[in-house]
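Novice: The following block contains the structure, expressed as structure tokens.
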Amino acid sequence: MSIFDEIKKKLSHEFIDIIEWLDANNETIVHRFERYQNEIKNNAQLIVREGQVAVFINEGQLADVFKPGTYTLNTKNLPILTTLKGWKYGFDSPFKAEVYFVNTRLFTDEKWGTKNPFMLSDDRFGLVEIRAFGTYSFRINDPGKFVIDVVGTDGNFTNYEVNEHLKSLIVTRFTDTVGEANLPIELYAANTSELSETCQEVMQPEFNRVGIELEKFYIENVSMPEELKKEIFEYSRLDKLDMGKLAQFKAAKAMELAAKNEGGTAGAGMGMGMGFVLAQQMGGMMGQPSGQPFGGQQVQPPSPPPIPVAVGYFYAVGGQQSGPVPIDKLKELFASRTINRDSLIWKQGMEQWAPLKEIEELKSFLGGNTPPPLPSA
């Protein structure tokens, strides 16, 4: 063999004969096949394993994409590159192209979370701060688009790099979604499954734009400040109480205490009268008739003047009716932001429900009331 044959043989082996990528770890998403000047020999062997896709890039333009399999590279299976290169009659000399291997397996248990608390507006508690975190899983469903739009010229694009991009997208879309949901604040933690599904639907088009499929999205926890939790628990307990019965019970206890504190015969008479009134009220509440035998005799209680009846107000919170409550209790609910100026109120004599701000005797809750000007002499 002459020296020239040795030189030709050596040069021929410098060009790529086999193009393949063995994934050394589970963190790499895109790997660029490196070779001096990216020269590929005619009829070179391309090996794409399961869970991979090979993407050919020609001078920044997306060319041919190969799914798992073994290929002999020539003009027959490089139609796009052939067009870009202008190979009308095939090629014998080596050609230049960048080859990117894309990992298409499912990447699971990726973490996301809000670095800082974000603000939500609640009808009862005003502006509140909440945090959230969870997990998600994804896969590359359009390798060509992903390489062009996200990877660029990065020769070894890892899981960490894509996660930094995705986490920002997730947090932005999550905060938008929960803000538009307009749920009562205490229901966010109780509806994480429904919120997770909604967020996934909202985020999927954004992921698709860069060639990624959002396989699963989970909200694992929605947290809020401790003082807000206490307010919510207190409100929940009050919401379960029958405020009308509670008011009646407190009024009866107050009358009984007043009767005990009076002295002398008059006090005894008042105490007896109070006792009969209390018996009548409690009998009405418990479904029993008044004037039951006492000491073996039928006792007919005297007829005191009618007790002034306090106005009872019904109010609506979260689409649920509550009440009736006296005006003082209604004022407490307004002060604790359980209700606000736009909350619907109804009392006996009103034809329809009306906002609190439109009911004359309740306008004092809003503050800033001033008397009308004095009439001119």
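Novice: Please verify whether N74 is at pLDDT 80 or above and in a loop (DSSP other than H, G, I, E, B), treating the condition exactly as stated. Please lay out each step first, then the result.
Specialist: Values: at pLDDT 80 or above: no; in a loop (DSSP other than H, G, I, E, B): yes.
So N74 does not fit the description; no.
Novice: Further question on the same structure: Kindly list the number of the only condition in (1) at positive phi; (2) surrounded by fewer than 18 Cβ atoms within 10 Å (Cβ to Cβ); (3) in contact with a Lys or Arg (Cβ under 8 Å, 6 or more places away or on another chain) that fails for G211.
Specialist: Failing condition for G211: (2).
Novice: Right, another one. Take the residues in the range 172-191 that are crowded, with 18+ Cβ neighbours inside 10 Å and not charged (D, E, K, R); name whichever of them is nearest to W112 (Cα to Cα).
Specialist: Just the residues of the range 172-191 that are crowded, with 18+ Cβ neighbours inside 10 Å, to begin with: 173-174, 178, 185-186, 188.
Retained after the next criterion (residues that are not charged (D, E, K, R)): 174, 178, 185, 188.
Numbers: F174: 11, V178: 16, I185: 21, Y188: 17 Å.
That would be F174.
Novice: Suppose we filter the range 197-229 for residues that are under 15 Å from the mean Cα position of the chain (by Cα), part of a helix (DSSP H, G or I) and not β-branched (V, I, T); how many remain?
Specialist: 5
Novice: With respect to D342, determine if the residue is more than 34 Å from the chain's Cα centre (by Cα) and of a type in the set (D, E, K, R).
Specialist: Numbers: more than 34 Å from the chain's Cα centre (by Cα): no; of a type in the set (D, E, K, R): yes.
Answer is no for this residue.
Novice: Do you know which residues across the range 82-107 are acidic (D, E) and modelled with pLDDT of 75 or more?
Specialist: Selection gives E98 alone.
Novice: Right, next: Quickly run through the range 337-355 and pick out the residues that are without any contact (Cβ under 8 Å) to a residue 24 or more places away in the chain and closer than 22 Å to S121 by Cβ.
Specialist: So the first thing to find is which residues in the range 337-355 are without any contact (Cβ under 8 Å) to a residue 24 or more places away in the chain, and the list is 342, 349-352, 354-355.
D342, P355 - these are the residues of the range 337-355 that are without any contact (Cβ under 8 Å) to a residue 24 or more places away in the chain and closer than 22 Å to S121 by Cβ.
So that you can scan it fast, the table gives a plain yes or no per residue for (1) touching a residue at least 40 places away in the same chain (Cβ under 8 Å); (2) farther than 27 Å from L106 by Cα; (3) touching a Gly at 6+ places or on another chain (Cβ under 7 Å):
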{"site": "R35", "(1), (2), (3)": "no, yes, no"}
{"site": "Q52", "(1), (2), (3)": "yes, no, no"}
{"site": "L62", "(1), (2), (3)": "yes, no, yes"}
{"site": "T70", "(1), (2), (3)": "no, no, no"}
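Listed here are the residues, each with its yes/no results for (1) hydrophobic (A, V, I, L, M, F, W, C); (2) outside the structural domain of L62 (by TED's automatic domain parsing); (3) touching a Ser or Thr at 6+ places or on another chain (Cβ under 9 Å).
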position	(1), (2), (3)
K115	no, yes, no
H165	no, yes, no
T175	no, yes, yes
M203	yes, yes, yes
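The values are calculated or read from the model by the stated rules, or taken from the named source; none is laboratory data. All figures in this text were calculated on a predicted structure; none of them were measured in a lab. Glycine also receives a Cβ, built like all others from the backbone with ideal geometry; neighbour counts cover every protein chain displayed.
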